[in-house]
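Okay, so here's the structure we're looking at.
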Amino acid sequence: MSNNPLPESDTSIEEKIDKLELSMGKLIAFCEKLTDENNSIKHSNNQLMLERSELQTKNDKVRGQVEAMVDRLKAMDKAS
């Protein structure tokens, strides 16, 4: 048994540094995972917004066609 506190202190500091390095590694990995998930969500959101825009365009076109048919039917009904 040694009466010198420095080796124990050094070991304790080394252990704390090792734990800190491990924690930082886990934190970095978690941040990278979150970044990947965020990028994936942004991509999905962009795709959904594009699809929504296309569907709105199609819906407007079909609405116009239906309104035109209704107007023609009304005109045919008045003509008869």
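Readers should treat all values here as calculations from the given coordinates under stated rules, not as data from a laboratory. This one's a predicted model, so the numbers in the text were calculated from it and none came from an experiment.
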Over the range 25-73, equivalent-ellipsoid semi-axes from the Cα gyration tensor in Å: 47, 5, 4
Acute angle (nearest 10 degrees) that the helix 5-79 long axis makes with the longest principal axis of the chain, alpha-carbon atoms: 0 degrees
